[in-house]
1. If I stretch the segment between N212 and R138 completely, what's the gain in nm (0.36 nm per residue apart, minus their alpha carbon distance), one decimal?
2. I need the trypsin sites (Lys or Arg not before Pro) found in the stretch 122-213, filtered to DSSP loop residues with at most 14 other beta carbons within 10 Å of theirs.
3. Using only alpha carbon positions, build the gyration tensor of the stretch 29-91, then give the equivalent ellipsoid semi-axes as the square roots of 5 times its eigenvalues, largest first, whole angstrom.
4. So, with a 1.4 angstrom probe, what is the percent of accessible area on the stretch 91-213 that is carbon and sulfur?
5. Averaged per residue, what accessible surface does the stretch 35-90 expose to a 1.4 Å probe, in Å²?
6. What list of whole percents do you get for P(r) of the stretch 68-178, with Cα-Cα distances grouped in 10 Å bins up to the one holding the largest distance?
7. Can you return the lysines within cross-link range of K60? Criterion is Cα-Cα under 18 Å, with same-chain partners fewer than 8 residues away left out.
8. Just grab the label-to-label distance for S48 and E154, each label 7 Å out from Cα along the Cβ direction, in nm (one decimal).
Amino acid sequence: MTPAERARAESTRVESARKPSYHHGNLAQTLVNAATQLVAEDGPEHFSLADASRVAGVSKGAPYRHFENKEALLSAVVDSGFDRFADLLEATVARYPKDEDERVTAIGLAYIQFATTEPAIFKLMFSDRSFEAGNESREERTRCFKVLLRVLSERTGMTDHKALLQIARPLWTLVHGASMLTIDSNYQRVDPDGDTEQMIRAATELILAPYNS
């Protein structure tokens, strides 16, 4: 099984494990799941709290027990997305030795897999509304990048935060850009025969080459 196939299987497993059914006391998560479904189907602009209530199978007034308005519910959807995203990355890196480039490559492939599996959620997670004042400090929204920093520290033996950022930023830029180009079908239009997985692997090895012992 290739790293991309493993990432796809892990994404499916994590997603399935995190979809509880509605029962008393779990209303907030049920509404987040309903809103996530609606965003995935039609985007963040085309649903209301009433729509989320309908999908969740609760009354129209039920969401107001936990969410002030639609934006508050969307914020919870973003938090949930980042949480699932980080869980996927953590599960991915756990399968590889700490000193291998393949472990870093696997993060990139899992990143792209999440984006292509949940494109509408992914775009919402990195939209302006997601990072409006006060949101950017939430733990859920920084944990993914911290996974990458930790893995790079374990791979290179470096502990200086600024030095690690010099490696992490180009890697993040690479996989995030590749994710956006993939979900918007731009690779298919411009380079239909390109091998994204090989590109990520080669670029990762190139960026990490100076840190080989």
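1. Numbers: separation 74, 0.36 × 74 = 26.64 nm, distance 3.44 nm.
Roughly 23.2 nm would be gained on extension.
2. Numbers: sites: K123, R129, R138, R141, R143, K146, R150, R155, K162, R189, R201; in loops: R129, R138.
Loop-located and lightly packed - R129.
3. 21, 12, 10
4. That fraction is 54 percent.
5. That works out to 44 Å² per residue.
6. Going from the shortest bin to the longest, the percentages are 14, 45, 31, 9, 1.
7. K70
8. 4.8
The values are calculated or read from the model by the stated rules, or taken from the named source; none is laboratory data. Not measured: the values here are computed from a predicted model. Cβ atoms come from the backbone with ideal geometry, glycine included; neighbour counts cover every protein chain shown. Ligands, DNA and RNA are stripped out before the accessible areas are found, and what is left, the full protein with its side chains, is counted by its heavy atoms. Shrake-Rupley method; radii C 1.70, N 1.55, O 1.52, S 1.80 Å.
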